[in-house]
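The values are calculated or read from the model by the stated rules, or taken from the named source; none is laboratory data. Because the structure is predicted, anything quoted here is derived from the model rather than measured. Note that each Cβ is placed from the backbone with ideal geometry, even for glycine, and that neighbours are counted across all protein chains shown. Accessible surface areas use protein heavy atoms only, side chains included; no ligands, DNA or RNA. Shrake-Rupley method; radii C 1.70, N 1.55, O 1.52, S 1.80 Å.
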Amino acid sequence: MKKVQILNNEEIKQKTTRIAYQIVEENYDAKELVMVGIQPNGLQYAQQLKKEIEAVVATFERYDYRVLHYFGEKKHEDSSETNYRNLMNYLDL
């Protein structure tokens with residue numbers, strides 16, 4: 001049977017980085033993120049994706065973006081006043 005290569009290593013890295021950005025962007029208010037990988041390769045990919053997500057969050061922090069919530073070992077900022085202010089800014093009031 002002939003093998004077909006769908007993505008090369010560089011393309012996999014690019015896709016993984018983009019997925020990490022999407023996860024951070026779409027789950028910015030999540031207090032916890034659970035990733036599950038099916039053995040054998042899914043677990044390895046989930047671990048790589050976790051590293052990419054951590055790198056994205058570190059980039060936001062390095063360039064002084066305000067990260068309201070972070071998954072992992074850091075404490076979450078969970079203030080009603082901050083959440084209310086963010087809601088009002090979102091609603092443009």
Original post:
Expressed as a whole percentage, what fraction of the accessible surface of region 1-48 belongs to carbon and sulfur atoms when a 1.4 Å probe is rolled over the protein heavy atoms?
Top reply: 54
Original post:
Which loop trypsin sites (Lys or Arg not before Pro) in region 1-33, with loop taken from DSSP, have no more than 13 other Cβ atoms within 10 angstrom of their Cβ?
Top reply: K2, K3, K31
Original post:
Counting other Cβ atoms within 10 Å of each Cβ, which GluC sites (Glu not before Pro) in region 1-44 have at most 13 and sit in a DSSP loop?
Top reply: E32
